[in-house]
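The values are calculated or read from the model by the stated rules, or taken from the named source; none is laboratory data. Values in this document were obtained by computation on a predicted structure and should not be read as measured data. Virtual Cβ from ideal backbone geometry, glycine too; neighbours counted across all protein chains shown. All accessible areas refer to the heavy atoms of the entire protein, side chains included, with ligands and DNA or RNA removed. Shrake-Rupley method; radii C 1.70, N 1.55, O 1.52, S 1.80 Å.
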Amino acid sequence: MPIVVRIDVELARRKMSVGEFAERVGITPANVAVLKNGRAKAVRFTTLERMCEVLGCQPGDLLEWVPGDAGHQDPS
């Protein structure tokens, strides 16, 4: 997956547990795990906004595009 979710990095910087983060954002710890493990197919902007609000960060701090995924073909 070329989009990598960096929630774990931001949680570690703030010494915040997954449980506390999930509660403050309003999602389940299981859904946080889905995001952290790269299994999410989508994230609502309202959820992303709340994650950024709770962590005091920008969307780019949580999401990173990584080129060169083996399953991704360059169209050129």
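Quotient of the Cα radius of gyration of the chain and 2.2 N^0.38 Å, N being its number of residues: 1.16. The order of GLU23, GLU10 by accessible area, most exposed first and with a 1.4 Å probe, is GLU23, GLU10.
Accessible area per residue was computed with a 1.4 Å probe on protein heavy atoms; THR46 scores about 90 Å². Charge dipole (Cα centre; +1 on Lys/Arg Cβ, -1 on Asp/Glu Cβ; no other charges) of the chain amounts to roughly 220 debye.
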